[in-house]
Amino acid sequence: MSYVLKVKLHGRFRVLDLDGRELTPKSSKGQGLLALILTAPDMVRGRSWLQNRLWSDRGQEQSARSLRQEVLQIKKALEPHSNVVVADRKTIRIESKSIELDETGRNVGAQFLEGIDVKDHEFNSWLKFERNRRKIAIANGVLVSPQTQSLALIGLSTPSASCKVLESQVMEHARKSLNDLCEVQVFRQLPKSLAAFSFMAGFQVFEVPGQNLSVRITLERVSDAATVWSETLKGISLDGLFELDIACLQLINRLFEKACDVFMHENSTSRTPNALAALAIFKTFTIESARLSEADCLFAQAFDLDPRGSFLAWRAQIRTIQFVERFSQDLQGLSQEGERLCAEALRLDATNSNVLAATANFRTIVQRNVAAGLELARLAVRANNANPLAWWALSNAVQYTGDERQAYLSAVRASQLTVGTKLEFWTAFQRSLAAMLTGKEDEARAFGEKSSALSPDFKPPLRHLTALYASKGDFDSGSRVLSALTEREADFSVERLIHDPDYPVRLMRSSGLLDPEKVQKLQD
C-alpha cells in the first residue's frame, strides 16, 4: 500500500493518516482548497483557477498572497506528510499515489463535502454543480470521474506514398480542430485495443486508376462499433499533398460538428465536459441573452471538470457578444470579466486556435486594442487555418485597420469553411458585412438573406437587410424584413435603428448605407 493519507469526501470532510489520526485543515478555505485539488483530473489545478474559486472578490495580488498562505497552513496541518502537496509557479498538485479517496459515504446517502462553508459564491457554484453531478451519477449507478471522452484518429489508407501523405495532412488538420472539443490521439494504423476511447474516426485515402485521390472519413462509436457518420470526398488534386484545398477543410469541419453532436446527445445524462461544451457552443450562436447566460454557465461547469483554456475563451467570446448587443448595463464589468478570462485562457493554452480567436475578438471589439487583436487573429489562423472562427476574428480585426479588401477575403474564407455545417448562417452574416464594406451591395443582401434563411430567429442580418433594402429603394423587401425584425426584437424601433449610437449596426453607419429618410419610408 503506497498511500499515506485517506480523505473522506462524503459526509464530513476529513483527512486521516494510516493510524486514523485526523490531519484535516482547520480553516474552511483550507478544506475547500484541498477539495478542489483532490477532485481535479490528476489532482492538479492552476493557481489562477483556485484563486478565482476561493477569493473571487479580491484583486490578483491579494488573492495570490492568500493562496500562498493557505498552502502553507495545509502543509503544516498535514505534517509529517506535507510533501504530498506540491506547489510551483503555475499549479498546485497533490501526489495522487499518496492519497486514497474514500467514497464509501456515497453509498449510504452522505452529502458530498458535508459542512464545508466557504464564503465565496464561485466556490459555492462549483460545489452545487459537483453535488448535482454526483447525485446524477449515483442515481444512474456509475462512478464519478473527472475523465472526459476521448477520440482516436486512425489512418487506414493504402500504403502508396501519395495516399499516406494526404492522409497525414487531413488527420493533422482534424486533430487541431477536434482537440478543442475532446482528448485526441492519432494512430497511423489500427491499434490492438480501442477500449480507452469513446469514439474513433477512420481516415482512408485511396486512388482510383486514372483519377485523382479520394478521402473517406468514418466516425464510429467504440462500444458497439456503430457508424454514426461517414462521408467521402472525391477528386482531390495532388496539390492537396502540399496544401489542403477548401473541400478537404470543409470535410474536417463537418467531422468536428458531428463529433459535437454525438458528444452532446450521447452524454446528456452524465454531463461530461465535452457534452457541456458542445451544448454551450450551440447556445452561444443563438445570440439570445438568456441562452448566452446558460452557455456561460455550461462552459464554467465544463471548466470545473476539466480546466481547459478553450472553455474560458468561449466565455470571453460571450462577453464580447454581450458587450456588442448591450445585454448588460455594466459594460465595465463585462470588460473586466472578459479581460480576466482572456488572460487565464492564454496562460493555459496560448497555441489553441479558438483561444487565440476569441481573445482577438475581445481585444479588438471590446478593448479597441486593434494591434493586439490583429496579431492574435493572425496567430489563430496560423494555428489552424481550417478554423472558420479564426478567419472571422481576422476579418473583424482588419476591418478596424481600414483594410476592407482583406476583411472581405477573410470573411469569404470563413464562409467557405462552414459550408454544410450549422455554423454557415453565422459566417454568411459576416460575409454580408464585409461585402457591404467593399461596396458589393448585391452580395451583401444575398448573404444576409442566406443567413436569415438558415437561422430565421437570428436578428443581426435582419437589422442590416432593413437598411440595405431601403438604401436600394426596394421598400417592399425592406418592409418584409422590418416586419420580421419587429416580431423578433421586443425593444426594436426604427428610431433606434436610425438614431441610437449603441444599436449594433456600427458598420452600417460607417459605410454610409444607413439612409434615415429611406429607412423611415419603410413605416410609411
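Run the dipole for the chain about the Cα centre, Lys and Arg Cβ at +1, Asp and Glu Cβ at -1, nothing else charged, and hand back the magnitude in debye, nearest 20. Using only the charged Cβ atoms, the result is roughly 1220 debye.
Can you check what the Kirkwood hydrodynamic radius comes to for region 403-524, Cα pairs only, in Å to one decimal?
That comes to 14.3 Å for region 403-524.
Obtain the radius of gyration and the Kirkwood radius of region 262-344 from its C-alpha atoms and give Rg over Rh. Rg/Rh: 0.99.
Note on ARG347/ALA195: beta-carbon distance plugged into 1/(1 + (r/R0)^6) with R0 of 41 Å gives a FRET efficiency of 0.75. Ranked by the mean number of other Cβ atoms within 10 Å of their residues, highest first, the peptides 81-93, 317-329 fall in the order 317-329, 81-93.
Per the Debye formula on identical point scatterers at the alpha carbon atoms of region 303-414, with no solvent, log10 I(q)/I(0) at q = 0.10, 0.12, 0.18 Å⁻¹ is -0.25, -0.37, -0.81. For region 272-286, 3J(HN,Hα) computed residue by residue from phi via the Karplus equation (6.51, -1.76, 1.60; θ = phi - 60°) reads 6, x, 5, 5, 4, 5, 4, 5, 5, 4, 4, 5, 4, 7, 7 Hz, glycine and proline entered as x.
Remark on region 404-468: ratio of C-alpha radius of gyration to 2.2 N^0.38 Å is 0.99. The angle between the Cα long axis of helix 121-139 and the longest principal axis of the Cα atoms of the chain comes to about 80 degrees, rounded to the nearest 10.
With an a/c value under 1.5 for the gyration tensor axes a ≥ b ≥ c computed over the alpha-carbon atoms, region 457-524 is described as rounded. Per-peptide packing, taken as the mean over residues of other Cβ atoms within 10 Å, places 273-282, 414-423 in the sequence 273-282, 414-423 from highest down. For region 1-118, the fraction of alpha-carbon pairs lying more than 21 Å apart is 34 percent, rounded to a whole number. Set the Cα radius of gyration of region 363-403 against 2.2 N^0.38 Å, with N its number of residues, and you get 1.04. In sequence order, region 247-262 has phi-based couplings of 5, 5, 5, 4, 4, 4, 5, 5, 5, 4, 5, 5, 4, 4, 4, 5 Hz under the Karplus curve 6.51 cos²θ - 1.76 cosθ + 1.60, θ = phi - 60°, and Gly or Pro positions carry x. Note that the chain presents 44 Å² accessible area per residue, ligands and nucleic acids not counted, probe 1.4 Å. Expressed as a whole percent, the accessible surface of the chain that belongs to carbon and sulfur atoms is 49, based on a 1.4 Å probe. Measuring between their Cα centroids, region 446-524 and region 35-55 lie 47 Å from each other. Please compute the Kirkwood hydrodynamic radius of the chain from all pairs of different C-alpha atoms, in Å with one decimal. One decimal place: 25.4 Å for the Kirkwood radius. Here the Karplus curve 6.51 cos²θ - 1.76 cosθ + 1.60, taken at θ = phi - 60°, turns the phi angles of region 431-441 into couplings of 5, 4, 4, 5, 5, 4, 5, 9, x, 8, 5 Hz, with x standing for Gly and Pro.
Under 23 Å of direct C-alpha separation, and excluding same-chain neighbours fewer than eight residues apart, LYS459 reaches these lysines: LYS283, LYS422, LYS440, LYS450, LYS472, LYS518, LYS521. Put simply, the amide H of VAL222, placed in the peptide plane, has neighbours under 5 Å in PHE199, MET200, leaving out anything fewer than 5 places away on its chain. Calculated FRET efficiency, LEU101 to ASP57, Cβ-Cβ distance, R0 = 45 Å: about 0.90 to the nearest 0.05.
The shape of region 164-255 comes out prolate: with a ≥ b ≥ c from the C-alpha gyration tensor, a/c is at least 1.5 and a/b beats b/c. Taking the average, over residues, of other Cβ atoms within 10 Å as the packing measure, peptides 225-231, 374-380 rank 374-380, 225-231 from highest down.
The values are calculated or read from the model by the stated rules, or taken from the named source; none is laboratory data. Keep in mind that this is a model prediction, so the values were computed, not measured. So basically every Cβ, Gly included, is an ideal-geometry build from the backbone, and we count neighbours across all protein chains shown. Each accessible area value is taken on the protein alone, full model and side chains, heavy atoms only, with ligands, DNA and RNA left out. Shrake-Rupley method; radii C 1.70, N 1.55, O 1.52, S 1.80 Å.
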